[in-house]
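Worksheet for the structure shown next.
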Amino acid sequence: MRAAPVYAAQDDVAESLRILLADDHAVLRAGMRRLLELDAMVIVAEADSGERAYPLYLEHLPDVVVLDLGMPGAGGLETLRRIVMRDADARVLVYSMHDRAGFAVQALRAGARGYVTKACPPEELVAAVRVVARGGMHLSADLAQRLALKAVHEAQDPADVLSPREFEIFRLLADGLELDDIARRLNLSAKTVANHQSLLKHKLGISTATELVRLALRHGVIDR
């Protein structure tokens, strides 16, 4: 159990919150570091991949992880899943360019405490970090609206029926990766990935790779 983060008694501004930044874009990390440090937060570590973020989390046990989903290698969703499996109390805020409701649904299912898109104003990221550090949940306004509208869509969204791991495999398959490549990225056996592939196709009611790609495009899982 980590100690509760400390806050200023007068104005409720976070003091000495310890933050791990995980994003593969160095310029963006520098901007986030500057923004959060101006709000009296401490960046204890930075990672440019999921493979780097996971051991850094175990080493530093930060108050909040600010995590991108689109990192190379295992990716943010798998990294999130690993962190939460190791520490159920982990407070992870996803900060992502993906603004589709399906990505937010999957991140929250995997254990994220919040989801903010990179299109949001900088002050919303600061506010979200504070909320998540206190144990609350935060969704950026644009995503909250999309989630509210999501229920009226007739087409079945893969995010509604797939587990976080199945969704990540679905995304990588749609992006053109072979089973062996996916297995290496997610540290799984090729047989396990193949089993997940069969199960997710059954859940989605598809049978071919072309159908899989079309479904991913329709729901904004990939861009072409």
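The values are calculated or read from the model by the stated rules, or taken from the named source; none is laboratory data. Computed from a predicted structure; not experimentally measured. Note that we place each Cβ from the backbone using ideal geometry, even for glycine, and neighbour counts take in every protein chain shown. Each accessible area value is taken on the protein alone, full model and side chains, heavy atoms only, with ligands, DNA and RNA left out. Shrake-Rupley method; radii C 1.70, N 1.55, O 1.52, S 1.80 Å.
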Worksheet item: Being among the β-branched types (Val, Ile, Thr) and within 18 Å of the chain's Cα centre (by Cα), is that true of even one residue in segment 24-38?
Response: no
Worksheet item: If you scan segment 87-103, which residues turn out to be among the basic types (Lys, Arg) and modelled with pLDDT under 95?
Response: Arg100
Discussion item. Every residue in segment 32-70 that is without any contact (Cβ under 8 Å) to a residue 60 or more places away in the chain, open to solvent by 20 Å² or more (accessible area, probe 1.4 Å), touching a strand residue (DSSP E or B) at 6+ places or on another chain (Cβ under 7 Å) and not β-branched (Val, Ile, Thr), please.
Written reply: Arg33, Glu37, Ala40, Glu46, His60, Gly70
Item to complete: Determine, yes or no, whether Leu93 is under 16 Å from Arg134 (Cα atoms) and open to solvent by less than 10 Å² (accessible area, probe 1.4 Å).
Response: yes
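Only one of Ala112, Ala144 is under 30 Å from Met41 (Cβ atoms) and surrounded by fewer than 18 Cβ atoms within 10 Å (Cβ to Cβ). Can you tell me which? Walk me through how you get there before you give the answer.
Details: Ala112 fails: surrounded by fewer than 18 Cβ atoms within 10 Å (Cβ to Cβ).
Just one listed residue meets the conditions, Ala144.
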Worksheet item: How about segment 1-22: which of its residues are modelled with pLDDT of 95 or more and not in a strand (DSSP E or B)?
Response: Leu17
Worksheet item: What number goes with the only condition from (1) β-branched (Val, Ile, Thr); (2) closer than 17 Å to Ser96 by Cβ; (3) crowded, with 19+ Cβ neighbours inside 10 Å; (4) touching a helix residue (DSSP H, G or I) at 6+ places or on another chain (Cβ under 6 Å) that Ile169 does not pass?
Response: (2)
Worksheet item: Any chance segment 148-166 includes a residue that's open to solvent by 50 Å² or more (accessible area, probe 1.4 Å), at negative phi, aliphatic (A, V, I, L, M) and modelled with pLDDT of 85 or more?
Response: no
Practice prompt. Need at least 1 residues that are farther than 12 Å from Ile19 by Cβ per element, so show me which strands (runs of 3 or more DSSP E) inside segment 34-115 make the cut, counting only ones lying wholly within it.
Written response: 92-96
Worksheet, complete the sentence: Pairing a residue in segment 207-221 that is of a type outside the set (Phe, Trp, Tyr) and at pLDDT below 85 with any residue that is assigned to a loop (DSSP other than H, G, I, E, B) and surrounded by fewer than 14 Cβ atoms within 10 Å (Cβ to Cβ), where Cβ atoms lie under 7 Å and the two sit 6 or more apart in sequence or on different chains, gives Arg218/Ala155
Worksheet item: How many residues does segment 34-59 contain that are under 21 Å from Val126 (Cα atoms) and touching a Lys or Arg at 6+ places or on another chain (Cβ under 7 Å)?
Response: 4
Response to the item:
How many residues of segment 179-208 are open to solvent by 50 Å² or more (accessible area, probe 1.4 Å) and either under 20 Å from Gly70 (Cβ atoms) or among the aromatic types (Phe, Trp, Tyr) (or both)? The answer is 4
